[in-house]
Amino acid sequence: MLELYGTPLDSRLLLGTARYPSPAVLAQAVQASGCEVVTVSLRRESGGERSGQGFWSLVRGLGVRVLPNTAGCHSVKEAVTTAHMAREVFATSWVKLEVIGEDDTLQPDVFGLTEAARILCAEGFEVFPYTTEDLVVAERLLAAGCRVLMPWGAPIGSGRGLNNPLALKALRAHFPRIPLIIDAGLGVPSHAARAMELGFDAVLVNTAVAQAGDPVAMAAAFAQAVRAGHAARLAGAIEPLELAAPSTPVIGKAFLG
Amino acid sequence: MKILVNGVWHETAGGELASALEELGYGGRVVATALNGEFVTLEARGRTPLRDGDRLEVLAPMQGG
């Protein structure tokens, strides 16, 4: 069973809550996915608006854990302050820590990320850092106190899948016991299955579900892919070969030439 | 006095942050606040005075990835 900061989870699929066509579709997608953790954020709300309150009420009704993010933060200070605010509003010490370094790719600023992680871990936060596949950065994040890592598959919202599978495999091999969650960039369920086949512990998906033609059906499809990929990992896959290896026995074949 | 709330100037009676939030329509809401870039806890709002020109952020739960 997957365990994140001591919390056991049956589902290895985490869902983002943004970009759905409606709150009702979001709720149905979460239910169809069977996910137990959803990501949320904090944004400005004017005195006359109620959308944030309605959203929070909807999420609370779903009976899932929330993982607040620090999306859009570009500095350590912004990210740390946002984490403090999120902890109060969402009443959780979990935080998906994002410190963005570059706007075109939304690539993590790994220097700011490790610094923010160090501060927040020391304050008792349970930090889920959105990072790259870089192994040295992963070491630094663990040294900072993180006990879960969330390497990207590809840039957020790009739907490209796993951009650097070799480095991701190296990360998995180097940290066999650290929960590793592929976060961002997955486009279709086969990407999620691939991540699970490589031995990742879970995947976090948002845009690929929310922006699908039928988000509810796509949420269910991702859930199946995650289960299949994880089962395949446990079953032990064969090694690829360069040439054919006949599956039907050669011995006993009739001579008909 | 005038304070900048989520990037928009508002005229308020002043006083503490907690009363200003009521005045601005946030009464009873689940929101987090930061004053001039510093987090102000729910518990501290009643003893945090506002000053003319203060920059207040009021954040609410929202969709996120």
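Table for the structure above
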quantity	calculated
Neighbouring partner chain Cβ atoms per residue of A:87-99, average, 10 Å criterion	2
Segments A:233-240, A:179-186 sorted - mean Cβ within 10 Å per residue, highest first	A:179-186, A:233-240
GluC sites (Glu not before Pro) restricted to DSSP loop in segment A:114-187 with at most 16 other C-beta within 10 Å	A:Glu123
For chain A, alpha-carbon Rg over 2.2 N^0.38 Å	1.11
Radius 14 Å from Cβ of A:Glu3, net charge of other residues (Lys, Arg +1; Asp, Glu -1)	0
Positive minus negative residues near A:Trp94 (Lys, Arg vs Asp, Glu; Cβ under 11 Å)	+2
Solvent-accessible heavy-atom area per residue, rounded to whole Å², over segment A:143-229 at 1.4 Å	37 Å²
Inter-label distance, nm, simple model (7 Å from Cα along the C-beta direction), A:Glu123/A:Leu256	7.5 nm
In segment A:14-64, GluC sites (Glu not before Pro) in a DSSP loop with at most 15 other beta-carbon atoms within 10 Å	A:Glu49
Cα centroid separation, segment A:118-158 to segment B:37-65 (Å)	27 Å
Chain B - Debye-derived log10 I(q)/I(0), Cα point model, q = 0.12, 0.20 Å⁻¹	-0.26, -0.72
GluC sites (Glu not before Pro) within chain B, DSSP loop, no more than 12 other Cβ atoms inside 10 Å	B:Glu43
Whole-percent carbon and sulfur share, accessible surface of chain A, 1.4 Å	55 percent
Size of electric dipole in chain A: Cβ of Lys, Arg +1 and of Asp, Glu -1, about Cα centre, debye, nearest 20	520 debye
Reach of B:Lys2 by Cα under 20 Å, taken over aspartates and glutamates that are not fewer than 8 positions away in the same chain	A:Glu45, B:Glu11, B:Glu16, B:Glu22, B:Glu23, B:Glu38, B:Asp52, B:Asp54, B:Glu57
Peptide A:48-61 - average C-beta neighbours from other chains (10 Å radius)	3
Compactness of segment A:1-116 - radius of gyration and Dmax, Cα, Å	14.9, 44
Separation of alpha-carbon centers, segment A:33-71 and segment A:191-257, rounded to whole Å	33 Å
Cβ-Cβ FRET estimate between A:Ala237 and A:Val25, R0 fixed at 41 Å, reported to 0.05	0.70
Average beta carbon contacts from partner chains per residue of B:31-37, 10 Å cutoff	4
B:Arg45/A:Ser51 FRET efficiency (R0 25 Å; Cβ-Cβ; nearest 0.05)	0.65
Interface B:A - total buried accessible surface [probe 1.4 Å, Å², rounded to 100]	2400 Å²
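The values are calculated or read from the model by the stated rules, or taken from the named source; none is laboratory data. Small disclaimer: the values here were computed from a predicted structure and weren't measured. For neighbour counting, all protein chains shown are included, and Cβ atoms are generated from backbone atoms with ideal geometry for every residue, glycine included. Note: areas computed on protein heavy atoms with side chains; ligands, DNA, RNA excluded. Shrake-Rupley method; radii C 1.70, N 1.55, O 1.52, S 1.80 Å.
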